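Asks: Can you keep this structure in mind? I'll have questions shortly.
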Amino acid sequence: MDPVDSQLDGLLTTAQRETSLLAPYAMFSHQSLGREHPEPEHPYRGPFQRDRDRILHSSAYRRLSGKMQVFTGEMGDYHRTRLTHTQEVASIARTIARALRLNEDLVEALALFHDIGHPPYGHAGEDALDLCLSQAGGFSHNQYALTIARELEYRHVQNPGLNLTREVLFSQAFRVDKESGNESPLLEAQVVDAADSITYDAHDTDDAIKLGLVSLEEFQSLDLILHCLDRIGDGRKGLDEDSLRRAIVHELIDCQVSNVLESAGAVLNVSGWESATDAQQDPFRIAPTGILETEKKQLEEFLLDRVYHHPQLIQTREMAQEHLQRMFDLFCSKIDMLPQRFRQRADEVGLERAVGDYLAGMTDRYLENCYREQFPSL
Ligand code: MG
């Protein structure tokens, strides 16, 4: 891709801004491999800023507000949705990227994009669709994100999809198959992965306590929570339970981000990498290290056992899987019920895949309304 040069007097070009701000191992806009369908550059928005804007303005992104992260709407309004999770990931990822002098625009685009392929009912929905599509290649939310970006979203009449840069698409392809290729993902993609895990560990702890699934006291059996209480120190005196919960969540994020910055910063400073490609040739990954890594694993095992496998969540999971399976069978047997564009899509990708793509795009509520309409007596 040609260097991005602003034609507007007095404004720095993207290339000028990036040269003064980014480290040599960052992904520079002028080194982008461009888009599948070539387009002229924008006068003052760099290619990754445009990716971010396209993702932000997509309908798949807006629908994340109606998709569950871990908890459904029946438990109240406090907890995270897939959209607020995404926004928290973007915020933490940008903090890390800025401190490591990586490309924040690319990081933000990748963060806003990373969960865009989630079907209704989160991982339960994903497992259900995977089963429905077992004869047609299965279903993965990471793969579906690529389908959204390349085929399902509308932007221009000329090209299908969002026509994102290859850096965003390649980074997402790494999420589909973590073992793919000999290279490491771009450092910007590694930052988003690290931020994703920091974010959900912190907010799932917060939501689980606030929703009463697990008590704050029970969480205090975990080393990472004790570590956070240590950091709060005397500041915890006089805090009521809500304030203490908030203080712990704050420390959970802060200690993980600090750990990632210290460990990754130390490696990057002496790496000698002169380009993003140099960094990709190295097996190094941006992630929590040392005692914190062990403490984090203990917290994640606890969350899996006590929160994600909580009887209330298992019940939702079973309900979601049953509803998706019934709706899948119904659409496959009555193709006329599909919207016109998905009937057309069935000719291109097969009926089962087209039905899966349609169902995966639904919000939790939309799926439930369809289900109640079709199966009122169940
Ligand atoms: Mg995520």
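Just so it is clear, none of the values below were taken in a lab; they were calculated from the coordinates. Since this is a predicted model, take the numbers as computed values, not measurements. Every residue, glycine as well, gets a Cβ built from its backbone with ideal geometry; the counts of neighbours run over all protein chains shown.
Asks: May I ask you to order 131-141, 185-195, 159-169, 340-350 by the average number of other C-beta atoms within 10 Å around their residues, highest value first?
Replies: In decreasing order of mean packing, 131-141, 185-195, 159-169, 340-350 become 185-195, 159-169, 131-141, 340-350.
Asks: Quick one, can you get me the convex hull of the C-alpha atoms of the range 124-210 expressed as volume per residue in Å³?
Replies: Given the Cα convex hull of the range 124-210, per-residue volume reads 150 Å³.
Asks: Continuing with this model, one more query. Where the centroid of each part is defined by its Cα atoms, how far is the range 35-67 from the range 261-326 in Å?
Replies: Result: 26 Å between the Cα centres.
Asks: Now a separate question. Tell me the label-point distance for the pair Gln87, Glu74, using the 7 Å Cα-to-Cβ offset, in nm and rounded to one decimal.
Replies: The answer from the label model is 2.6 nm.
Asks: Over the range 273-352, what portion of Cα pair distances is larger than 23 Å, expressed as a whole percent? Spell out each step's value before the answer.
Replies: Numbers: 1960 of 3160 pairs.
Looking at the range 273-352, the distances longer than 23 Å represent 62 percent of pairs.
Asks: Taking R0 as 41 Å, what FRET efficiency do you get between Gln158 and Asp130 from their Cβ-Cβ distance, rounded to the nearest 0.05?
Replies: Result of the calculation: an efficiency of 0.75.
Asks: Quick one: compute the contact order of the range 41-198, relative version, from alpha carbon pairs under 8 angstrom and 6+ residues apart, as a percent.
Replies: 25
Asks: Hey, another quick one. Highest mean first, how do 41-54, 21-34 rank when packing is the count of other Cβ atoms within 10 Å averaged over residues? Could you put the intermediate results ahead of the total?
Replies: Details: 41-54: 20.7, 21-34: 18.7.
Averaged packing, sorted descending, gives the order 41-54, 21-34.
Asks: If the cut-off is a Cα-Cα distance under 16 Å, which aspartates and glutamates reach Lys178, setting aside same-chain residues fewer than 8 apart in sequence?
Replies: Counting by Cα, and skipping residues close in sequence, Lys178 has these aspartates and glutamates nearby: Asp115, Glu167, Glu188, Asp193, Asp196, Asp282.
Asks: Suppose each label sits 7 Å from its Cα in the direction of the beta carbon; what would the Glu262-Leu11 distance come out to in nanometres?
Replies: Once both label points are built, they end up 4.2 nm from each other.
Asks: Expressed in nm to one decimal, what extension gain is obtained for the pair Ser20 and Lys178 from 0.36 nm per residue of sequence separation less their Cα-Cα distance?
Replies: On the way: separation 158, 0.36 × 158 = 56.88 nm, distance 3.25 nm.
Computed gain between Ser20 and Lys178 is 53.6 nm.
Asks: Using Cα pairs closer than 8 Å and at least 6 residues apart in sequence, work out the relative contact order for the range 250-378, in percent.
Replies: Reported as a whole number, the value is 16 percent.
Asks: List the extent of the Cα atoms of the chain along each of their three principal axes, largest first, rounded to whole Å.
Replies: Cα extents, longest axis first: 63, 59, 39 Å.
Asks: With θ set to phi - 60° and the Karplus curve 6.51 cos²θ - 1.76 cosθ + 1.60, what are the ³J(HN,Hα) couplings of the range 280-295 in order, to the nearest whole Hz, using x for Gly and Pro?
Replies: 6, 7, 9, x, 3, 10, 6, 6, x, 10, x, 4, 4, 4, 5, 5
Asks: Just the ratio, please: alpha-carbon radius of gyration of the range 1-128 over 2.2 N^0.38 Å, N its number of residues.
Replies: 1.25
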